[in-house]
Amino acid sequence: SSKTFWVTTGMFPQELIIGFPKCVKISKIAIQCYLVRTLRIERSISKDPVGFEQCVEKDLSHTEGQLQMEEFPLPEFQATYLRFIIKSAFDHFVSVHRVIAEGT
């Protein structure tokens with residue numbers, strides 16, 4: 001829902017894990033967030049959310065008063081879980097409004 005979002009507790013790093021019912025192939029990840037400075041995306045192909053490996057890490061641009069919209073085209077890879085780690089921010093609190101994983 002565009003009316004809901006996840007907000008950090010004010011300390012960093014913060015992480016958000018998204019799980020899929022089974023292992024899927026992902027070709028692109030998009031995220032809409034607010035005030036995120038450094039974001040790392042990791043994946044796990046395990047049955048449980050363990051054994052994560054880094055996929056991408058990026059410093060995002062500051063967009064005062066607007067959502068940050070970032071796309072991460074990735075070579076097709078498999079994942080059962082995605083972990084989003086907000087390493088740093090432009091303020092004490094940040095929010096994640098939407099995460100989209102495209103693939104099969």
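In the range 47-56, the condition of being open to solvent by 50 Å² or more (accessible area, probe 1.4 Å), part of a loop (DSSP other than H, G, I, E, B), in contact with a Ser or Thr (Cβ under 9 Å, 6 or more places away or on another chain) and of a type in the set (G, A, S) is met by at least one residue.
Answer yes or no as to whether K25 is among the charged types (D, E, K, R), open to solvent by 80 Å² or more (accessible area, probe 1.4 Å), touching a strand residue (DSSP E or B) at 6+ places or on another chain (Cβ under 6 Å) and more than 11 Å from V94 (Cβ to Cβ). Considered against the rule, which asks whether it is among the charged types (D, E, K, R), open to solvent by 80 Å² or more (accessible area, probe 1.4 Å), touching a strand residue (DSSP E or B) at 6+ places or on another chain (Cβ under 6 Å) and more than 11 Å from V94 (Cβ to Cβ), K25 comes out as yes.
Just checking, how many residues over the range 78-104 are in a strand (DSSP E or B) and over 16 Å from F5 (Cβ atoms)? Steps first, please.
Here is the first cut: in the range 78-104, the ones in a strand (DSSP E or B) are 78-89, 95-103.
Within this subset, residues satisfying the condition of being over 16 Å from F5 (Cβ atoms) are 78-83, 85, 87-88, 101-103.
Count: 12.
Scanning the range 61-84 for residues that are open to solvent by 20 Å² or more (accessible area, probe 1.4 Å) and aliphatic (A, V, I, L, M) returns L67, M69, L74.
Assess whether G19 counts as being out of contact with any Gly (no Cβ under 9 Å at 6 or more places or on another chain), in contact (Cβ under 8 Å) with a residue 24 or more places away in the chain, assigned to a strand (DSSP E or B) and not basic (K, R). Can you show your working first?
Numbers: out of contact with any Gly (no Cβ under 9 Å at 6 or more places or on another chain): yes; in contact (Cβ under 8 Å) with a residue 24 or more places away in the chain: yes; assigned to a strand (DSSP E or B): yes; not basic (K, R): yes.
The answer is yes for G19.
The values are calculated or read from the model by the stated rules, or taken from the named source; none is laboratory data. The model shown is predicted, which means the values in this text are computed figures rather than measured ones. Because the Cβ atoms are built from the backbone with ideal geometry, glycine has one as well, and the counts that use them run over all protein chains shown. When the accessible area is computed, the model is the full protein with side chains, heavy atoms only, and any ligands, DNA or RNA have been set aside. Shrake-Rupley method; radii C 1.70, N 1.55, O 1.52, S 1.80 Å.
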